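Structure, as structure tokens:
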Amino acid sequence: MNGLTRVIGDATLAGGSYDNIRVVGDCTLSDSCSCHSLRVVGELHARHHLTADNSRIHGTLRVNGNTKFLKLMLLGFMGVDGDFEAESLSVRGELNVAGLLNADKADFHSYGHSVIREMGGGLLTVTSPFWPPWKRFRPSLRADIIEYDEANLENVQADVLRGKNLVVGKHCRIGRVEYSGTLTVHKSAFVAQCEKVSANTNEIDR
């Protein structure tokens, strides 16, 4: 461990293991990095993989590889070129993941247009702030596949949504829904196909 590391202004850090990283400014991690605690006010660019236990980002985080967090609070923008893993994820802004997002508990309060190839876990909540009707583009989350045990969604677009107890809320557009428990669909949402699946046999009840 390299102990407590503070960055104020512009700097580049070598990869390796750190106890705590504090960034106020613009920082680049030149190689794969792991740390116990990560705090960023500004911008951090990780050129390879990034692993952290407890993290809070006020600003921008870009990761060119895979990333793994125990707990992450994002207030701003984050882009991940690989896969993303977290036990607890809270997003107040925009998150783009090119690979798989695996988060046991994920809470999105969208202020941008998040794009995630595939996402799964235990509990997913996606809400949006009040958006005036005269504004053309409302905040949203777009995914090819969403697979969560429990999901409560607003302003979500997905090709496939799978889970146990699902709420397809305001302004959602879903290609196919597969559920084993309960399904609620808001009047402003659109679902092209809907199938109830047996929880024990994984067979579709027609």
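The values are calculated or read from the model by the stated rules, or taken from the named source; none is laboratory data. Everything quoted here is computed from the prediction, not taken from an experiment. As a convention, Cβ positions derive from the backbone with ideal geometry for all residues, glycine included, and neighbour counts pool all protein chains shown. These accessible areas exclude ligands, DNA and RNA; they are computed on the full protein's heavy atoms, side chains included. Shrake-Rupley method; radii C 1.70, N 1.55, O 1.52, S 1.80 Å.
Listing for the model above:
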{"item": "Residue, nearest to Leu95 (Cα to Cα), within segment 60-74, restricted to residues that are open to solvent by 60 Å² or more (accessible area, probe 1.4 Å) and part of a strand (DSSP E or B)", "result": "Arg62"}
{"item": "Residue count for segment 23-59, restricted to those that are farther than 20 Å from Ser90 by Cβ and surrounded by fewer than 19 Cβ atoms within 10 Å (Cβ to Cβ)", "result": "11"}
{"item": "Subset of segment 189-202 (residues that are open to solvent by 50 Å² or more (accessible area, probe 1.4 Å) and touching a residue at least 12 places away in the same chain (Cβ under 8 Å))", "result": "Phe190, Ala192, Gln193, Cys194, Lys196, Ala199"}
{"item": "Hey, Asp81 open to solvent by 50 Å² or more (accessible area, probe 1.4 Å) and under 28 Å from Asp149 (Cβ atoms) or not", "result": "yes"}
{"item": "Condition met for Ser55 (touching a residue at least 12 places away in the same chain (Cβ under 8 Å), part of a strand (DSSP E or B) and either more than 30 Å from Pro139 (Cα to Cα) or more than 15 Å from the chain's Cα centre (by Cα) (or both))", "result": "no"}
{"item": "Residue selected from segment 176-185 under the condition surrounded by 15 or more Cβ atoms within 10 Å (Cβ to Cβ) and out of contact with any Leu (no Cβ under 6 Å at 6 or more places or on another chain), by the criterion farthest from Phe108 (Cα to Cα)", "result": "Ser180"}
